[in-house]
Structure formats: structure tokens, C-alpha cells
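> Here it is, the structure in full.
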């Protein structure tokens, strides 16, 4: 069929037993020779390519450019175009985060496929002599050898075979429906069973979780009680330790004061009370007021307090009255004043220091004024910078909410990203993974420039030769069509003459009704009703970029509604989502 547009193909299956009688009758005629010659020209296609054209969701149909009989395949073209539009709308409705849930419809790529049932009914099961009659007349064993007669019989047999195959397909619909209903009922039963199992699992899990929560509540109450006990114990311990530390501090202060009084006492009294000084280690420590480099922890302080409480020492006092201490302090004061009198020679130095102090005060005032001025200047700078910061914030938010939003998060940009992703998938046959909008656009632009570059390199002579070749093929088709119509008219005349000559004399009331043969039917061609042109009024005019997108990346034809490809009806939904 791809090699010759005027050829006829009749596929007769070999495994059916019911076709043996028809084959035996046709062996003696010249029709098998015609079928054998035609079958040699037929192209053998693999089963995989024939099955792929039915899966429109994942496999591309055969391109229309490779098929020649466009008037026969017009309905098929319209059907595939409609299927593409439906599949595109269905894919666009699926959100991006739920695209992984789509189920592939290609049954041949699944792991398990049930064998098809052998319960196939054909047209011969209903009418056993379907292929033995042509136009109500029985086929003879010997047919006159005329070219026009051969072609007519071959055409009739081809039409009969096509009708038989279509009847077979119609009969198989019931069997497929029955098998699908059985599979549907089994799947519903399995689904209900799994739902019951899931309910029981949820009930058991709920009981277990409830028991665990009760145990947790009990443990929580016990833990809270224990925590309260520990907190009370810690507070009591802290109060005891703080009191002991305070007592130790007071005891050390008293020791310092006693050592000071011991050194103020006269040497004769100290020599008489050496044993007391040794017991308290006054002479060993000297003026050390208890500062040690060791880390005095609570344990060390507590051990010292225990040792001191086990061996208490009674103090020995030289100053038993208060006026004695006052006399000593007065003597010290007088000694210091007498010493200060000897230092009067330091008065000039004192005056010098006073002048220096005045100079320092003046310099400090000058520097303070300078610092205050600098502080004021910096405050002005800060006010200016704060105002500038607010202006920059306003500009930043205006850019984010305006230009940045329009260039990143606007509905038109998101729609452009979806279109670019779709075009990239159609052109490169793969989904863009981890690609931004600029890289996708650059890749598509490179493909478009490469395509334009190749078109520019096509020579004018080659184009003219292709056009002339196509015109010659069309003229040849017209010539063959005219010859075929002439032969068909001759065949109709011959058939009328033969019917009149071999007609049986029958009563007038029982004459068979023979339908007239129209002379306008051409052989090897099937009339198709031309589809009515659908005129869609475009509400909005198309821009240059939209026209270029529709012509390059879609199947849009002039007269169709471009909203199906441009998705103008989804603008309101996008605005609601945003």
C-alpha cells in the first residue's frame, strides 16, 4: 500500500478452518494469482509497530506524510488530532507534584499479560457462504479472462474482506466487554478485601497506641513526683551550704582581725603567748590573710570546719578595753601627720601637678567638644543613612513585588515555563530535568536556528525539481483515473448485455430486484464525506510570537480555535491560584 496507491491488499487468515471451502473454490479462478502478486508488494511490519499506534498517551502515531492516500485517511487524521488535544488537556490538568502518580497505558510493557481468548467469531460463522456470492450471484468456477472483469472482482472481494473484518471486530466487542467486566469484578473484590484488612489494622493500631499512652501517663506522673522530691531536697541542700559558707566567711574575718590585733600587741606579751600563736599558726602565716592558690571547694572548707570544731582553741586577748585600741589608732595618726610635715618640700611639685591638672582639664574640655561635634556629625550621617536604607527597602520591595514577580512568579511566566517544558519534551523526546527556563529556551532556540540554517542551505534547484516531480505524479494519477473510469463504463455496458442475454424468463410478478450500478463510482477509491469546516471566531487577535509558536510547535491549522493550544481559558484559574 505504501509502494503503489492503486494496489489492493486482501489479508486472508490461514488458521481459520471455516475459510477452507472458499479457498478451494477460488483456487480454480484467476483471483489467487492476483492476490499472490499483490501480497508480494506488501510491506511486512513488525507487531510492535502495529500495536503502538493504538496507545496515544505514550506512543506517537504514524506520520501523515508517509501515507499517500490522504482522501481515505482524512477521518483518521481528524481522529488522531482530536485525541492529541484530549491527551494534552488531560496532562495539563495534572499538577506537577502529582505527575508521578500517572499510570502508563501500554499493556505490552507490563510484567504479566494474559493470553487473549480463542473465542473469536467471524462473519463466516453467521453466513458460511459469505465469500461465495457477489451481488447476489454465485461465483462460477471459471471466470472469463478480461482485465476489467478481473479488477472489478478483485475490488468487490476487497470490499467484502474489509466488511468481514469490520464485522469480526464488532463481534469481538462483546467478548472483550465480558472479559473486562470479569476483571473489574475481581479487582473490586480485591479492593474491598484490602479495605477490610486496612480497617482491622487501623483498629489494632489504635488499641496498641491507646495502651502505650496510658502507660506513658502513669510513668509521667511518677516522674513528676520524683522530680518534685529531688527539687525540694536540692533546695534544702543549697540553703545548708549557703549558711555554712556564710559562717566560714565570718570566721575568716574574725581570724584576720585577731591576727591584726596580735601584731599590734607589744613583743613582751607576744613572747609570753607563743603557744597560742603556734596553735593558730599566726607566726607561720604572717600577714597572709587566708588567700591561697588552692581551689577551695565546699568539701575542703567542710573538712577544715570539722577539724576546727573537734579541736577548739581559746583566744588570748591583750586589748581588753576599747580605749586601748583608740589610743593606738591616735598614735598611728600622729605618726602619719609628723611624716607628712617632713614632706612639705614637695609643695612645688604639687603646684606643678595642679597646673598640669588644669591643663588636662582644658584639653579634656576641648576634646570633649570635638568629640561631641563628631558625634553630632555621625548622628546626621546615621539619619541620612537610615533614610537611604528606607528608600532602598522601598525600592527592593517594589522590585520584588513588581519586576521580580512579573519575571518569575507571574501567571504568564509560569505558563511560558510550562509551554517551554512541553516544547522541549516534544522536540528532544525527553523531559527536562533540573533545567531552568533560560536553558530550555536556549536549547529550543538552538534547535530552531539549526533548523532554519538547514532550510537556508536547501538549493532552489532541488526545491523546483521536487515540485515538478510532485506535479508529474499528480498528472499520472489523473491519467490512470481517466483510464479506470473508461474501463469501468465498458465493463458496465458488457455486464448489462450479458445479463440481458443470459436472463431467465420469470414471471413478471416475481422478477428479482437488481440495484442499478452507478457509473460515477471510480475503482480502487472509497468515497468519504468531507468534514464540515469548523469556523471559530477568535475573540483576541494573535500576536507574532503566538503565530510563530502555533506554526512551529503545534498542529494548529488556520480556522481552528487557538485557545486550545495557547490555554487562554486557564488565565482565571491561574490568577485564583496565585
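The values are calculated or read from the model by the stated rules, or taken from the named source; none is laboratory data. Predicted, not measured: the structure shown is a model, and the values here were computed from it. We place every Cβ from the backbone using ideal geometry, glycine too, and count neighbours over all the protein chains shown.
> So which of 488, 444, 494, 403 is surrounded by 12 or more Cβ atoms within 10 Å (Cβ to Cβ), within 30 Å of residue 93 (Cα to Cα) and out of contact with any strand residue (DSSP E or B) (no Cβ under 7 Å at 6 or more places or on another chain)? Walk me through it before giving the result.
Details: 488 fails: within 30 Å of residue 93 (Cα to Cα); 494 fails: within 30 Å of residue 93 (Cα to Cα); 403 fails: surrounded by 12 or more Cβ atoms within 10 Å (Cβ to Cβ).
Unique residue meeting the criteria: 444.
> Looking only at segment 136-155, filter to residues that are loosely packed, with under 14 Cβ neighbours inside 10 Å and either in contact with a helix residue (DSSP H, G or I) (Cβ under 8 Å, 6 or more places away or on another chain) or in a helix (DSSP H, G or I) (or both); which one of those is modelled with the lowest pLDDT?
141
> Let me ask something else about it. Which condition from (1) in contact with a helix residue (DSSP H, G or I) (Cβ under 8 Å, 6 or more places away or on another chain); (2) touching a residue at least 12 places away in the same chain (Cβ under 8 Å); (3) farther than 20 Å from residue 548 by Cα is the one that residue 420 breaks?
It fails just one condition, (3).
Here's the yes/no breakdown for (1) exposed (fewer than 13 other Cβ atoms within 10 Å of the Cβ); (2) at pLDDT 70 or above; (3) in contact with a strand residue (DSSP E or B) (Cβ under 7 Å, 6 or more places away or on another chain); (4) in a helix (DSSP H, G or I):
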position	(1), (2), (3), (4)
128	yes, yes, no, no
157	no, yes, no, yes
190	yes, yes, no, yes
196	yes, yes, no, yes
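> What number goes with the only condition from (1) within 51 Å of the chain's Cα centre (by Cα); (2) modelled with pLDDT of 65 or more that residue 531 does not pass?
Failing condition for residue 531: (2).
> Restricting attention to segment 173-180, does a residue exist that is surrounded by 10 or more Cβ atoms within 10 Å (Cβ to Cβ) and in contact (Cβ under 8 Å) with a residue 40 or more places away in the chain?
Among the residues of segment 173-180, at least one is surrounded by 10 or more Cβ atoms within 10 Å (Cβ to Cβ) and in contact (Cβ under 8 Å) with a residue 40 or more places away in the chain, which makes the answer yes.
> Residue check: is residue 368 more than 21 Å from residue 545 (Cβ to Cβ), surrounded by fewer than 12 Cβ atoms within 10 Å (Cβ to Cβ) and modelled with pLDDT of 85 or more?
Criteria met by residue 368.
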